[in-house]
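Participant: Just passing along the structure, written as structure tokens.
The values are calculated or read from the model by the stated rules, or taken from the named source; none is laboratory data. Please read all numbers here as calculations on a predicted model, not as lab measurements. Note: ideal-geometry Cβ built from the backbone for every residue, glycine included; neighbour counts use all protein chains shown. Just the protein is used for accessible areas: all its heavy atoms, side chains included, with ligands, DNA and RNA removed. Shrake-Rupley method; radii C 1.70, N 1.55, O 1.52, S 1.80 Å.
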Amino acid sequence: MKSATKTALITGASSGIGYATAQKFHQAGYFVHLLARDQKKLTELHHQLPNSKIIVCDLSDPRQIENLPNQIDFSTLDVLVNNAGIYFSKAGDEFSLADWSLMFQVNVFSVAQVSALAISHFKRSNKGSIVMISSTLAHKPTPMTAAYSASKAAIQNLTKTLALEGAPFNIRVNCVAPGIVETPIHNLAKLDLETRQKRADLMHSLQPLARMGKPMDIAEAVFFLGSEASSWTTGSILDVDGGINIK
Ligand SMILES: NC(=O)c1ccc[n+]([C@@H]2O[C@H](COP(=O)([O-])OP(=O)(O)OC[C@H]3O[C@@H](n4cnc5c(N)ncnc54)[C@H](OP(=O)(O)O)[C@@H]3O)[C@@H](O)[C@H]2O)c1
């Protein structure tokens with residue numbers, strides 16, 4: 001029997017957007033499953049969010065994903081947030097097959113695999129909500145992002161297919177497409193102070209709203225799409241990007 005507390009599984013919860021999303025769902029009273037590879041960071045987050053459980057899983061390894069039902073009871077899940085993702089940039093002709101494979105394994109194949117685990121239970125309970133994270137680059141790619149942009153375009157298409165298939169079972173599938181958000185994914189910390197400042201200024205200036213996003217800007221949108229507040233919304237791609245998409 002299902003408990004009254006709603007539960008969410010958030011992948012990539014140890015950092016950036018996933019971290020903020022975990023905080024948001026927890027604040028709203030959800031029990032949150034926090035999935036990532038880095039146990040230390042997850043443990044710190046777990047101490048902040050007592051109503052949570054840590055799931056250590058490397059999404060680049062399909063066997064670890066297969067094993068997830070031993071760590072999470074998917075039948076108790078209300079919301080799945082497929083947030084984990086990787087980014088690296090190269091010229092299109094420099095991406096090796098191994099690069100493409102890793103990008104698609106983490107950013108797309110793992111999302112399909114984890115979603116399938118959730119959907120089989122959502123079908124039985126005749127409800128459930130999945131939120132994907134794509135990127136502005138899915139519909140507005142820039143040079144040096146071929147594998148990443150293609151992976152995020154795949155996520156947007158997957159969102160719509162799963163939304164169509166899920167609708168008869170009251171399963172909703174939506175997607176947030178973030179613009180440039182201040183998180184460790186940009187690797188700015190590795191740069192010297194002056195270069196970092198210049199890069200940050202440029203990234204702020206690209207948005208009509210003249211600032212990079214904060215992880216919580218995205219978490220608010222993810223929460224809206226994951227929760228009952230959006231109960232008549234499915235198959236949608238919500239741009240949360242400071243307006244960069246219309247520039
Ligand atoms: N920041 C942006 O500007 C931006 C813009 C558009 C879209 N996005 C998307 O937003 C999502 C979150 O990105 P972020 O900016 O918050 O990045 P981030 O701070 O680097 O966080 C990425 C998260 O994914 C997890 N992760 C990475 N590889 C993993 C793997 N193999 N297995 C399990 N977990 C893995 C990381 O945890 P561990 O390292 O501990 O495993 C971390 O929790 C990504 O899908 C990204 O593509 C970000």
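Participant: What are the semi-axes of the equivalent ellipsoid of the stretch 38-95, taken as the square roots of 5 times the eigenvalues of the Cα gyration tensor, listed largest first and rounded to whole Å?
Facilitator: The three semi-axes for the stretch 38-95 are 27, 16, 11 Å.
Participant: Per residue, what accessible area does the stretch 54-187 have, given a 1.4 Å probe and all protein chains present, in Å²?
Facilitator: 43 Å²
Participant: Would you calculate the volume per residue, in Å³, of the smallest convex hull containing every Cα atom of the stretch 78-120?
Facilitator: 61 Å³
Participant: Within the set 41/123; 198/247; 40/140; 41/127; 152/198, which residue pairs have Cα atoms separated by over 25 Å?
Facilitator: 41/123; 40/140; 41/127; 152/198
Participant: Quick check: convex hull over the Cα atoms of the stretch 119-214, volume per residue in Å³, rounded to an integer?
Facilitator: That works out to 129 Å³ per residue.
Participant: Which ³J(HN,Hα) values, rounded to whole Hz and listed in residue order, are derived for the stretch 129-142 from phi using the Karplus coefficients 6.51, -1.76 and 1.60 in 6.51 cos²θ - 1.76 cosθ + 1.60 with θ = phi - 60°, glycine and proline given as x?
Facilitator: For the stretch 129-142, the Karplus-derived couplings read 9, 10, 10, 9, 10, 9, 5, 3, 5, 5, 10, 9, x, 10 Hz, x marking Gly and Pro.
Participant: Would you list which aspartates and glutamates come within 12 Å of residue 214, measuring only between C-alpha atoms, while excluding same-chain residues fewer than 8 positions from it?
Facilitator: 182, 241
Participant: Something else about it: What's the carbon and sulfur percent of the chain's accessible surface, probe 1.4 angstrom, rounded to a whole number?
Facilitator: Reported share for carbon and sulfur atoms: 57 percent.
Participant: Say R0 is 35 Å: what FRET efficiency, to the nearest 0.05, do residue 245 and residue 169 get from their beta-carbon distance?
Facilitator: Once rounded, the FRET efficiency stands at 0.65.
Participant: Follow-up question, since we're still on this one. Given 0.36 nm per residue, what is the gain on full extension from residue 144 to residue 66 after removing their alpha carbon distance, in nm?
Facilitator: 24.8 nm
Participant: Another question, if that's okay. Taking a point 7 angstrom from the Cα of residue 56 along the C-beta vector, which residues in the stretch 18-32 have backbone N less than 20 Å away?
Facilitator: Zone members listed by number: 19, 32.
Participant: Okay, moving on. Residues of the stretch 182-196 with backbone nitrogen within less than 20 Å of a virtual label 7 Å along the Cα-to-Cβ line of residue 44, please, listed as ranges.
Facilitator: 182-191
Participant: Right, here's the next one. Dipole of the stretch 150-242 (Lys/Arg Cβ +1, Asp/Glu Cβ -1, origin at the Cα centre): which of 157, 227, 216 lies farthest to the positive side?
Facilitator: Projecting each Cα onto the dipole axis, the largest value belongs to 157.
Participant: Taking every pair of alpha-carbon atoms in the stretch 159-228, give the share separated by more than 17 Å as a whole percent.
Facilitator: Here the tail beyond 17 Å accounts for 57 percent of pairs.
Participant: Let me have the 222 nm mean residue ellipticity of the chain computed from DSSP H runs of 4+ only, each contributing -39500 (n - 2.57), with the sum over all residues rounded to the nearest 500.
Facilitator: When only DSSP H runs of four or more count, the value is -12000 deg cm²/dmol.
Participant: From zero outward in steps of 5 Å, how is the percent of C-alpha pairs of the chain spread across the bins?
Facilitator: Here the calculated profile for the chain is 1, 6, 14, 18, 21, 18, 12, 6, 3, 1, 0, 0.
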